[in-house]
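The values are calculated or read from the model by the stated rules, or taken from the named source; none is laboratory data. Model, not experiment: these values are computed from the prediction. Here the Cβ is made from the backbone with ideal geometry for all residues, glycine too, and neighbour counts use every protein chain on show.
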């Protein structure tokens, strides 16, 4: 199974709660909390190691599938320091 870099999956989750086609002044998401299953693995990339992770591909698991982990993420808009 091919997984993508974990940062891509996390970015896609955050983009899913951003309103599209609406003026930013009308609706603005300031906080989001996710508690979702996630499948992770490590892949060697040259001399570096890449952290891969994504939501499970299938809802139903077989005896051959590893159990997914859980990802709990809370994001808030705040001031940069």
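Quick notes
- The condition (being outside any loop (DSSP other than H, G, I, E, B), at pLDDT below 85 and in contact with a strand residue (DSSP E or B) (Cβ under 9 Å, 6 or more places away or on another chain)) is satisfied by just one residue among 66, 14: 14.
- For the criterion of being loosely packed, with under 10 Cβ neighbours inside 10 Å, within 11 Å of the chain's Cα centre (by Cα) and touching a residue at least 24 places away in the same chain (Cβ under 8 Å), residue 54 fails.
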